[in-house]
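The values are calculated or read from the model by the stated rules, or taken from the named source; none is laboratory data. Being a predicted model, the structure only gives us computed values, none of them experimental. Don't worry about glycine lacking a Cβ; one is built from the backbone with ideal geometry, like all the others, and counts go over all protein chains shown.
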Amino acid sequence: MSTVTTDKKGGGMASLAGKYLTFRLAAEEYGLEILKVQEIIKMQDITKIPRAPGFVRGVINLRGKVIPVVDLRLKFDMQTLETTVKTCIIVVQVKKATFTVTMGIIVDEVNEVLDVNGEQIEPAPEFSAVVETSFILGIGKVGKKVVILLDVNKVLAAGEIDALTKTEAVA
């Protein structure tokens, strides 16, 4: 878990500096801390789980282990799209207080690994209480690009993670 500290040079967030795997959802670019990423796999058949939350597409068998798969577009209230050759699943390790869950997140396409230094990161913007931003580590400014840096441990709420672990058990 990252703690946010402001760089002494002013403006940067030094503790968030590091390598981020960037990916695209619609026209937006997002980044995940590379150390949270286990692997990237091509889209495959997903087994639907009855009564799972709408953003949970189902489960896949990843080398003998059943893992839940979340459609990040649906989780972020975006319109769903048809799968393309660029659509893929990023397998991540999500840590909660007492356990770790391996899960897949569906993204439109993976871009690259960026090395982002603290001076390139701004805090997440403040919105009203209506807009939830606790899952945003910060906003990376790399060249002319703006990359929303996500805290994969907070993208799903604790209750949603509990539901996913139950989904794994059912499968």
Conditions (1) assigned to a loop (DSSP other than H, G, I, E, B); (2) modelled with pLDDT of 95 or more; (3) closer than 20 Å to residue 140 by Cβ: number failed by residue 1 | (2)
Could we say that residue 21 is in contact with a strand residue (DSSP E or B) (Cβ under 6 Å, 6 or more places away or on another chain) and in contact (Cβ under 8 Å) with a residue 12 or more places away in the chain here?
-> yes
Would you point out which residue out of 85, 116, 59 is surrounded by fewer than 16 Cβ atoms within 10 Å (Cβ to Cβ), touching a strand residue (DSSP E or B) at 6+ places or on another chain (Cβ under 9 Å) and on the phi < 0 side of the Ramachandran plot?
-> 85
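Conditions (1) of a type in the set (S, T, N, Q); (2) without any contact (Cβ under 8 Å) to a residue 60 or more places away in the chain, marked per residue:
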{"position": "60", "(1), (2)": "no, yes"}
{"position": "65", "(1), (2)": "no, yes"}
{"position": "73", "(1), (2)": "no, yes"}
{"position": "90", "(1), (2)": "no, no"}
{"position": "93", "(1), (2)": "yes, yes"}
{"position": "121", "(1), (2)": "no, no"}
{"position": "135", "(1), (2)": "no, yes"}
Is one or more of the residues making up the stretch 77-88 at pLDDT below 90, in contact with a Ser or Thr (Cβ under 9 Å, 6 or more places away or on another chain) and either closer than 26 Å to residue 22 by Cβ or among the basic types (Lys, Arg) (or both)?
-> yes
A careful count of residues in the stretch 67-103 that are hydroxyl-bearing (Ser, Thr, Tyr) and touching a Lys or Arg at 6+ places or on another chain (Cβ under 6 Å) gives 1
When the residues of the stretch 98-133 are filtered to those that are at pLDDT below 90 and in a strand (DSSP E or B), which remaining residue is farthest from the chain's Cα centre (by Cα)?
-> 100
